[in-house]
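Nothing in this text is a laboratory measurement; each read-out follows from the coordinates by a stated rule. Just so it is clear, the model here is predicted, and its values are computed rather than measured. FYI the Cβ positions are ideal-geometry reconstructions off the backbone, even for glycines, and counts take in every protein chain you see.
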Amino acid sequence: MSRSFAACWATYPVHGFRASKTSPASTGYQESLERYVSVTHRDEQYGCAYPAVLSEMVGAPDQVRHAFAESFQLRVGAFEAHVPPLTGITARERALATMALAIGGLLLSRALRGSRMSDDMLHACRKWALPELDANPVKAKR
């Protein structure tokens, strides 16, 4: 089972976690993130499977979880090569955090579909993943 799982996920499309062919890496990172964490992607009938299978990984046999981890590492590595630098964080840390934010945000947004919070979730995830685009950061509301 772990071999078939690994084979399936090894060929699973990266969906845009990559630099575009016509844009520099940092712009490709932005485009990829905006495409992934979007209303359009949220509403696709057969969108990204990561949000759907993650809860199943918790109770999966070690072989399956290791196969998943290996295939996920391929995506993290590909994404890591294209993240723009950010002071105080390594490219790997930013890639891991961005993937967690994007996949988790997409999952929550799908679960909240039909409410304003669904769109707010997508917006907040994009904003936190791309802080360098926010020239005038909003101060914390008290």
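A few remarks follow.
- Three-way shape label, the range 48-142, alpha-carbon gyration tensor, a/c 1.5: oblate
- Summing charges over neighbours of Ser55, with a neighbour being any other residue whose Cβ is under 14 Å away from its Cβ, gives +1 when K and R count +1 and D and E count -1.
- J(HN,Hα) series, the range 68-79, from Karplus relation 6.51 cos²θ - 1.76 cosθ + 1.60, nearest Hz, glycine and proline x: 4, 4, 5, 5, 5, 4, 4, 5, 4, x, 5, 6
- FRET efficiency for the Asp62 to Ala111 pair, using the beta carbon distance and R₀ = 25 Å, is estimated at 0.30.
- Inter-label distance, Leu86 to Asp119: 2.5 nm, where each label sits 7 Å from its Cα along the C-beta direction.
- Note on Glu31 and Val53: their simple-model spin labels are 2.7 nm apart, each label 7 Å out from Cα toward Cβ.
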